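Reading through the structure tokens given below for one structure.
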Amino acid sequence: QVQLVESGGGLVQTGGSLRLSCAASGSILSINVMNWYRQFPGKEREFVAGIHFGGSRNYADSVKGRFTISRSIAKNTVYLQMDSLKPEDTAVYYCNAFMSRDNDYWGQGTQVTVSS
């Protein structure tokens, strides 16, 4: 079992920045990839960014150059630094811990709202 607790969401103006945090606990040694997803109203969750156990990172095209995923191994925490935010980034952001197919965990989600 893995528990994920997200924080850092909120309201920001266009062009502003926010940093999301996701603290993991439990069977964290089984985690292969930590991801951030987001969900727009009435839509399915979409991938935003991921950081592999070995440190490699990947991003959705819509956030490349604006968002940065990082981690603190000592704190068992993954971060999503979001810069140059746009109104279309408004969504609920979820942290995901991926072990293997059909074996992953989700945080409770944190709302990010970007005002125009």
Number of positions in region 68-87 that are over 19 Å from Asn32 (Cβ atoms) and free of Cβ contacts under 8 Å to residues at least 24 places away in the same chain: 2
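Could you list all residues from region 70-116 that are part of a strand (DSSP E or B), within 12 Å of the chain's Cα centre (by Cα), farther than 22 Å from Thr14 by Cβ and not aromatic (Phe, Trp, Tyr)? Break it down into steps so the answer makes sense when it comes.
Going residue by residue through region 70-116, those that are part of a strand (DSSP E or B) are 70-72, 77-82, 91-100, 103-106, 110-115.
Still in the list and also within 12 Å of the chain's Cα centre (by Cα): 70-71, 77-82, 91-97, 106, 110-112.
Those still in the list that are farther than 22 Å from Thr14 by Cβ too: 70-71, 77-78, 94-97, 106.
Once the filter is applied, which keeps residues that are part of a strand (DSSP E or B), within 12 Å of the chain's Cα centre (by Cα), farther than 22 Å from Thr14 by Cβ and not aromatic (Phe, Trp, Tyr), region 70-116 yields Ser70, Arg71, Thr77, Val78, Cys95, Asn96, Ala97.
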Number of positions in region 88-104 that are open to solvent by less than 30 Å² (accessible area, probe 1.4 Å) and either without any contact (Cβ under 8 Å) to a residue 12 or more places away in the chain or touching a helix residue (DSSP H, G or I) at 6+ places or on another chain (Cβ under 9 Å) (or both): 2
Identity of the residue in region 74-116, at pLDDT below 95 and among the hydroxyl-bearing types (Ser, Thr, Tyr), that ends up farthest from Glu44 (Cα to Cα): Ser116
Lone unmet requirement of (1) in contact (Cβ under 8 Å) with a residue 24 or more places away in the chain; (2) surrounded by 15 or more Cβ atoms within 10 Å (Cβ to Cβ); (3) not hydroxyl-bearing (Ser, Thr, Tyr) for Gly15: (2)
Every residue from region 48-86 that is open to solvent by 60 Å² or more (accessible area, probe 1.4 Å) and not polar (S, T, N, Q): His52, Phe53, Gly54, Arg57, Asp61, Lys64, Gly65, Arg71, Ile73, Ala74, Lys75, Lys86
Cross-chain or 6+ apart pairs with Cβ under 6 Å, region 27-46 first and part of a helix (DSSP H, G or I), then open to solvent by less than 90 Å² (accessible area, probe 1.4 Å) and not polar (S, T, N, Q): Ser30/Met99
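The values are calculated or read from the model by the stated rules, or taken from the named source; none is laboratory data. Everything quoted here is computed from the prediction, not taken from an experiment. Quick reminder, even Gly has a Cβ in these numbers, built from the backbone with ideal geometry, and neighbours come from all protein chains shown. Quick note on the areas: whole protein, heavy atoms, side chains included, nothing else; ligands and nucleic acids left out. Shrake-Rupley method; radii C 1.70, N 1.55, O 1.52, S 1.80 Å.
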